[in-house]
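Enquirer: Pasting a structure below so you can have a look.
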C-alpha cells in the first residue's frame, strides 16, 4: 500500500501488483500515515458478484445504490461483469474490482478507473477537475482546455518542443482550487494517457479553450461564454452538496480569470502565438 | 400530465439559470441546460404535475405574451425536455 498527498488531501492506494503506475506516482508519495482517511484498493478477481441494491441505468455503466455503498459496474456482451467500483458516501473506502478474465489491460484500466474515483473524491473537497492541459512557464500558469480528441495533447507537445523550460503540471485533468481569491492549479498522478504531471501548485492566470482551425487566432470570451465553456469541460459531482460548491466555484473562476477561444492550426507556430498572447494580454508583459 | 424527473436541480448562477443532474438516479443525462426567465418559470412549474395548457396559462399570467406565443414556447420546451428524457 502506498500513501500519497495531493495538495492537502492524503490517501492510500493499494495498486495491483506490478503496476507501472506505482513508479509513475512516486512524486506524490509520503511516509506519514496521519490524516489518511481515503483508501483506494484494487482487487483482481476471476468473477465479480454484484452487491445487493437498486440498479439504475439502461446501459453501461450501471449503478447500484444501497444503504452502505454506491457501486458502478460495467458488463460485457455475455452480461458478465467486467469491472465494479464501490464507494461509501464520503469516499473513505473505494474498492475497484477488475475481472481478469474480461479485461485485457488490467494496469491501464486500473489507472483510468482509480483516476475517476480520485477526481470524484477531490470534488467533495471543492476541487474542480477541468479537462485541460495545465502549463507553467516562468512561474505563470495557463490552461489549454478542450474535450478529448481536440488536439490538446498535440498542442501541449508542440509547446514543450518550442519552450523546453515549460512545465506540464497535468496534461489531462488538472485540479483547480480557489484559495484566498486566487485560482490555483494542482497536479496529480492521474493525468491521461501520457501520464505527464508534476507535483506542483501554481496560480492560474488564464484559460484557453482550444478549437482546431486553419488560422491561429485568440479571441476573448464573454463572461457568460467563459462560464459555459468551463461547465462543458469540467467533471461534475454527483452529490448535491458538492454540486452547490461546484457551481459556486465555476462562477467565481469565470469572474476572476480571463477566458479565451484559442483557434489553432496543427503546427508548432500555434505555441508561439499562444505564448505571445499570454505574455501580452494576460500578463501584460510588453518585453 | 407530466413533471420533471427526480434528480435534476435548477440553480441561479449570476444571471443564468442552470439545470444539472445530481444523484445516482440520473445517469443517462450528463449534460446541462441553460434556461432563460420563462424556461425557469416552466421548469419550476413542472416540479409538480402539470399540462401544456396549465403551463401556457402560467406564462401568459407571468409575462407579456399572447396565448399562442406562450403555447408555442411551452411546446418547444416540452419537446426539449422529452428529447433529454427529463419528463415523467
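Enquirer: At least 3 residues that are within 14 Å of chain B (Cβ to nearest Cβ) and over 21 Å from residue A:123 (Cα atoms) in each: list the strands (runs of 3 or more DSSP E) lying fully within segment A:36-110 that qualify.
Expert: A:54-56
Enquirer: Just the residues that are assigned to a loop (DSSP other than H, G, I, E, B) and modelled with pLDDT of 95 or more, please, taken from segment A:174-199.
Expert: A:174, A:187, A:188, A:189, A:190, A:198, A:199 - these are the residues of segment A:174-199 that are assigned to a loop (DSSP other than H, G, I, E, B) and modelled with pLDDT of 95 or more.
Enquirer: I need the full set of residues from segment A:131-140 which are surrounded by fewer than 24 Cβ atoms within 10 Å (Cβ to Cβ) and touching a residue at least 60 places away in the same chain (Cβ under 8 Å), in order please.
Expert: Within segment A:131-140, A:131, A:136, A:137, A:139, A:140 qualify.
Enquirer: Go through (1) within 13 Å of the chain's Cα centre (by Cα); (2) without any contact (Cβ under 8 Å) to a residue 24 or more places away in the chain and name the single condition residue A:119 misses.
Expert: For residue A:119, the failing item is (2).
Enquirer: Please state which of the following conditions residue A:32 fails to meet, knowing it meets all the rest: (1) free of Cβ contacts under 8 Å to residues at least 40 places away in the same chain; (2) away from chain B (no Cβ under 14 Å); (3) surrounded by 18 or more Cβ atoms within 10 Å (Cβ to Cβ).
Expert: Against the list (1) free of Cβ contacts under 8 Å to residues at least 40 places away in the same chain; (2) away from chain B (no Cβ under 14 Å); (3) surrounded by 18 or more Cβ atoms within 10 Å (Cβ to Cβ), residue A:32 comes up short only on (3).
Enquirer: Got a sec? Which of A:178, A:253 is closer than 30 Å to residue A:26 by Cα and within 21 Å of the chain's Cα centre (by Cα)?
Expert: A:178
Enquirer: Next question. Please verify whether segment A:187-194 includes one or more residues that are under 28 Å from residue B:22 (Cα atoms), away from chain B (no Cβ under 14 Å), in contact with a helix residue (DSSP H, G or I) (Cβ under 9 Å, 6 or more places away or on another chain) and surrounded by fewer than 19 Cβ atoms within 10 Å (Cβ to Cβ).
Expert: The answer is no; no qualifying residue exists.
Enquirer: With the structure loaded, tell me whether residue B:39 is within 27 Å of residue A:222 (Cα to Cα) and either touching a residue at least 24 places away in the same chain (Cβ under 8 Å) or crowded, with 18+ Cβ neighbours inside 10 Å (or both) or whether it fails that test.
Expert: yes
Enquirer: Can you tell me which residue in segment A:274-287 is nearest to residue B:21 (Cα to Cα), limited to those that are without any contact (Cβ under 8 Å) to a residue 60 or more places away in the chain and not in a helix (DSSP H, G or I)?
Expert: Ranking the qualifying residues of segment A:274-287, first place goes to A:284.
The values are calculated or read from the model by the stated rules, or taken from the named source; none is laboratory data. Just so we're clear, the structure is a prediction, and the values are computed from it rather than from any experiment. So basically every Cβ, Gly included, is an ideal-geometry build from the backbone, and we count neighbours across all protein chains shown.
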